[in-house]
1. Look at region 33-88 and say how many of its residues are open to solvent by 70 Å² or more (accessible area, probe 1.4 Å), within 22 Å of residue 144 (Cα to Cα) and modelled with pLDDT of 85 or more.
2. Checking residue 166 against (1) open to solvent by 80 Å² or more (accessible area, probe 1.4 Å); (2) away from ligand 1 (no atom under 16 Å from the Cβ); (3) part of a loop (DSSP other than H, G, I, E, B), only one condition comes out false. Which one?
3. Go over the candidates 90, 56, 18 one by one and state the one that is among the small types (Gly, Ala, Ser) and not in a loop (DSSP other than H, G, I, E, B).
4. Take the residues in region 93-113 that are open to solvent by 20 Å² or more (accessible area, probe 1.4 Å) and either over 21 Å from residue 54 (Cβ atoms) or part of a strand (DSSP E or B) (or both), then tell me which one is farthest from ligand 1 (Cβ to nearest atom).
Amino acid sequence: MLDWLRNIWLAVATVAHGMYVTLRNWLITYQPERGAFTERFEYPEKPVPVANRYRGFHRYDLTTCISCDQCAKACPVDCIYIGKERVEGGKGFKITGFAIDYSKCMFCALCVEPCPVDCIFMGATHDLSCYSRDGCIVDFSRLPLDVAWGRATLNPTAVSESKVIAEPVHGGPNQ
Ligand code: SF4
Ligand code: SF4
């Protein structure tokens, strides 16, 4: 009987302590002039703003890239995969794929510096959640140009739609 009462008391005291911690933190973080955090930032329509030099998911311009491999060579974790084939009867290469594996990328921006045509930058998007590891591999050549270049949001829906696109959306600077 005593054990039963002790267990009930322990359960009630534990829940009460948890509620006390939650209430105390809510009061500490609540600022009347600011309002609740969710009043200012209504994710995903109004995301939290990031600093200008924030390193989020990349912005990549397929129409300018010359597939020189400089970014892939500079990447310390080898997570940039570039597919290319020679342009028949012409100069240079046609891009067949430009994928970045975000399960490996550490957002160091070392791939941005060596690009001779400034077609890859760190973007401001930070919320590419996905259900499988495959969703972490983004082939920018299969994304709509606006999404790849960061004018629209790089989002899980765009990435999953790009998985069923067989050909690059643009042939690169040679087309
Ligand atoms: S940010 Fe760093 S780790 Fe990510 S792709 Fe570029 S070089 Fe590689
Ligand atoms: S993104 Fe820049 S560095 Fe990378 S392959 Fe294209 S042109 Fe070369």
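1. 6
2. (1)
3. Values: 90 fails: not in a loop (DSSP other than H, G, I, E, B); 56 fails: not in a loop (DSSP other than H, G, I, E, B).
From the options 90, 56, 18, the qualifying one is 18.
4. Filtering first and then ranking leaves 94.
Table: residues versus (1) of a type in the set (S, T, N, Q); (2) over 18 Å from the mean Cα position of the chain (by Cα); (3) within 12 Å of ligand 2 (Cβ to nearest atom).
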| residue | (1), (2), (3) |
| --- | --- |
| 88 | no, yes, no |
| 105 | no, no, no |
| 110 | no, no, yes |
| 117 | no, yes, yes |
| 124 | no, no, no |
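The values are calculated or read from the model by the stated rules, or taken from the named source; none is laboratory data. Everything numeric in this text was worked out from a predicted model, so none of it was measured. Don't worry about glycine lacking a Cβ; one is built from the backbone with ideal geometry, like all the others, and counts go over all protein chains shown. SASA here: full protein model, heavy atoms, side chains in, ligands and nucleic acids out. Shrake-Rupley method; radii C 1.70, N 1.55, O 1.52, S 1.80 Å.
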